[in-house]
């Protein structure tokens, strides 16, 4: 089997991994959360407003501060939602998985573990030692 066939098999296997499945479920839950979507809409509107105000020759620093404060408040509300927290955790889990996969590939190519390896298999799953 060639490299690209192996890569395709790896991709198919990864797609069925519980962490990638959880990420997709978390993404769907996040995108269907009406409160988050309303906050995201307002966030985007406020971002446009601050961009518009910032390029004016006679801009109001007070207005810019008010808009930025609102943007910060909206952001804080979004990241405090359970759907955002679940999405962030699922994304971190997938990032960790991909780092482990890349470390395993690197190890099998070079015979050396990347610098991110702690040599404590409990931190990564231990498929390389």
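For the structure I just gave you, tell me whether residue 25 is surrounded by fewer than 12 Cβ atoms within 10 Å (Cβ to Cβ), modelled with pLDDT of 95 or more and over 17 Å from residue 70 (Cβ atoms). Judged against the criteria, residue 25 is not a match. Counting only helices (runs of 4 or more DSSP H) wholly contained in the range 1-67, the ones carrying 3 or more residues that are more than 15 Å from residue 98 (Cα to Cα) and over 19 Å from the mean Cα position of the chain (by Cα) occupy 3-15, 34-54.
Kindly establish whether residue 86 is in contact (Cβ under 8 Å) with a residue 24 or more places away in the chain and surrounded by 15 or more Cβ atoms within 10 Å (Cβ to Cβ). Taking the combined requirement at face value, the residue satisfies it.
Among residues of the range 51-72 that are in contact (Cβ under 8 Å) with a residue 24 or more places away in the chain, those with a beta-carbon under 6 Å from a residue that is assigned to a helix (DSSP H, G or I) at least six positions away or on a different chain give the pairs 70/46; 71/46.
The values are calculated or read from the model by the stated rules, or taken from the named source; none is laboratory data. As the structure is a prediction and not an experimental result, all values here were calculated from the model. Positions of Cβ are backbone-derived with ideal geometry, glycine not excepted, and every protein chain shown enters the neighbour counts.
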